[in-house]
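Working notes for the structure below.
FYI, it's all coordinate maths here, none of it is from the lab. No experiment lies behind these values; they were computed from the predicted model shown. With ideal geometry, Cβ positions are generated from the backbone for all residues, glycine too; neighbour counts draw on all protein chains shown.
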Amino acid sequence: MPKPPIELYIGDVVQTRKPHPCGGSTWRVVRLGAEIGMRCEQCGRRVLLPRATFERRIKKFVARGTPGAAPEPDSADA
């Protein structure tokens with residue numbers, strides 16, 4: 001029987017198993033769905049990962065977002 005998906009919220013901060021090339025290993029969740037959008041906390045790079053890949057790559061939650069919270073305004077989108 002497959003594991004249920006991990007409960008994720010916009011604004012969650014996660015630590016990944018391997019660091020990003022910039023040296024950072026913490027990411028903020030900015031998009032939810034079949035693909036998870038994340039932004040590197042150190043360099044600001046945004047990536048989309050399939051949910052299954054994302055769940056394998058996370059090591060732990062550094063901070064949890066608020067359930068049902070609206071996405072944070074991104075200065076790069078302005």
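For the peptides 10-16, 57-63, the ranking by packing is 10-16, 57-63, with the highest mean count of neighbouring Cβ atoms within 10 Å listed first. A Cβ-based charge dipole, computed about the Cα centre of the chain with Lys and Arg at +1 and Asp and Glu at -1, lands at about 440 debye.
Projecting the Cα positions of 14, 30, 53 onto the charge dipole of the chain (unit charges on Cβ atoms of Lys, Arg, Asp and Glu, taken about the Cα centre) puts 53 furthest along the positive direction. Backbone geometry of the stretch 11-17 corresponds, through the Karplus equation with coefficients 6.51, -1.76 and 1.60 at θ = phi - 60°, to 3J(HN,Hα) couplings of x, 4, 10, 10, 9, 8, 5 Hz, x marking Gly and Pro.
Max-minus-min Cα coordinates of the stretch 13-63 on each principal axis give 27, 20, 19 Å, with the largest extent listed first. Note on the chain: helix-only mean residue ellipticity at 222 nm, from DSSP H runs of 4+ residues weighted -39500 (n - 2.57) and normalised by residue number, equals -2000 deg cm²/dmol. For residue 64, the amide hydrogen comes within under 5 Å of the amide hydrogens of 13, counting only partners 5 or more places away or on other chains and with H modelled in the peptide plane.
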